[in-house]
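The structure appears right after this line, and notes come after that.
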Amino acid sequence: MRRLITRRTALLGAAALTTSACDSSRPREGFLGAMERFNARFQSALFDADQLAPELPPSEDTPPGAFPQYYISDTVPFAPAGWALKVGGLVQRPGVLSLEDLQRLPRTEYRIRHHCVEGWSAVASWHGVRLRDLAEHVGADPRAGYVEFRSFDSGYYSSWDRPSAFHAQTMLAYGMNGQPLLPAHGAPLRLYSAVKLGYKMVKYLTEVNFLPEPTGGYWEDRGYEWFAGV
Amino acid sequence: MLSWTAVHAPEHRRPQPWPIRVSHWLNVPLLVIMAASGLQILAAYPMQGPQGRPYDWYPFQGITPPEWSRLGDWLAGARHWHFAFAWFLALNGVAYVLYLAFSGEWRRRLFLPRRDTRNALDTLAFYVRLRKHAPEQGLYNGLQRLAYTGTLVLGALSILTGLVLYKPVQLGSLTRLFGGYDSARALHLIVLAAFALFTVGHVVLVLLHPRTLGEMVTGGRKPDA
């Protein structure tokens, strides 16, 4: 009898261990979660700030209308009247910047390949201000190891490691394909980068916060990996 | 080179030494997990080619892999399975290749074109009944060596193309080597199809020659015993 109970307990224990170790609905917990943390360290170690995505010729552009739009709200979110970007956290000069303020900062432009977590790629050109130039403008503290991005798209947000956020090809974009950014693609201001998957590039920006700790993200809180570098 | 490789030359070893058996059977769950989680990832975008420019050679555009073939429930779950177990598949492959190299087993297992091409063609002729008798062979015939060496090539290709999909920018030179992100993604799927084809042929031939299954379990008898 005692042996039977032991065996049953052992079997139940093993079953519980297997389900909690590899639970697809909670992939950031258990064994899968431990491997994600290992993979995040691997990705972070692999990250090279000098590694640039190749700039592509216009012939590589995704055909008009085929570049996917993405927002979590039911309809295209439109910027509230008097929109301005709030910049805060560990910075010497917190405050709000209008689109004109941002456009007065050094402008960058590139055409690179976009990588979505779903597996597709697309190409467009983007212009805006490098996040590192904004950081310099507001005097971001070196202790801010993370940057958080918030939006007016039903609370969509994400947070990034500092090296990826300060990469030369990470920008706050206010234009796409030579035109001002359209509402369908994140107007008036969105994050764009060569070094992260699409869901890390927050559109419809309202806030940029330089923080000492990582916060989560809309998809990250639902089980997608946090680092998500490319 | 190393004295123990000379002492235990493969010819005097059992047909399937334990490192080969362990590595072989580990591959079964690992390949199943990688294939099934990979198909769940494919289900998120069951197309080949960049947005707006689908490849016209791909016959399954827009077709989602059947549910029984998928693991991970949803995209995030499948990605976590895939990136967790990819390490173990890669480690298993590296351990296997190191064992082949240092044990000398590569000599009776790998396909060496000069040595094995003739035997592979003769074996093929025997299989399609163009030849009455199977050619002389040791542990493996030339066709087996070609197939098993081919799986090593497939394994290497799956890992390299997988790395391109995982880090197309950070591993930019690897991405260029495979002709870009989208062609690496197509090749990654073609490698899976090739693995599936190999598995079907492998299982059929093992069923026709059950002794080989026993050897892959017990190791088989030493030649002198």
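Each value in this text was obtained by applying a stated rule to the coordinates, not by laboratory testing. Worth saying up front: this structure is predicted, and the values here are computed from it rather than measured. For neighbour counting, all protein chains shown are included, and Cβ atoms are generated from backbone atoms with ideal geometry for every residue, glycine included.
So here's what we get for this one:
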read-out	value
Kirkwood Rh in Å, taken over chain A so that all alpha-carbon pairs contribute	19.1
Least to most buried among B:Ser158, A:Ser24 (fewest other Cβ within 10 Å first)	A:Ser24, B:Ser158
Inter-chain Cβ neighbour average for residues B:190-201, partner chain, 10 Å	0
Using alpha-carbon coordinates, inclination of helix B:75-103 to the longest axis of chain B, degrees	20
Shielding by other protein chains, A:26-32, mean Cβ within 10 Å	5
Tilt relative to chain B, helix B:113-127 - C-alpha long axis, 0 to 90 degrees, to 10	90
Student exercise, the protein assembly as shown dipole from Lys, Arg, Asp, Glu Cβ charges, in Debye to nearest 20	2040
Estimated inter-spin distance, B:Val217 and A:Ser59, nm [label 7 Å along Cα→Cβ]	5.9
Amide hydrogen neighbours beyond the local backbone of A:His114, cut-off 5 Å, H modeled	A:Ala122, A:Val123, A:Ala124
Residues with amide H under 5 Å from that of B:Tyr55, placed H, sequence gap 5 or more	B:Gln48, B:Gly49
Nitroxide proxy distance, nm - points 7 Å out along Cα→Cβ at B:Trp106 and B:Phe126	2.7
Residues B:Val153, A:Val129, B:Val200 arranged by fewest to most Cβ contacts within 10 Å	B:Val200, B:Val153, A:Val129
About the Cα centre, charge dipole magnitude for chain B (Lys/Arg +1, Asp/Glu -1 at Cβ), debye	580
Peptide-level mean, for B:83-92, of C-beta atoms on other protein chains within 10 Å	3
Extension reserve of the B:His24-B:Trp68 stretch, reckoned as 0.36 nm per residue once the Cα distance is removed	13.4 nm
Paramagnetic label zone (point 7 Å from Cα along Cα-to-C-beta, B:Leu152; backbone N under 19 Å) in the range B:167-208	B:195, B:198-199, B:202
C-alpha long axis of helix A:30-46 to longest principal axis of chain A, angle in °	40
Tally of Lys pairs whose C-alpha atoms are under 19 Å apart, taken over the protein assembly as shown, 8 or more apart or cross-chain	4
Taking B:Ile33, B:Ile63 and counting other C-beta atoms within 10 Å, the order from fewest to most	B:Ile63, B:Ile33
Net charge over other residues, Cβ less than 13 angstrom from the Cβ of A:Asn39 (K, R count +1; D, E count -1)	+3
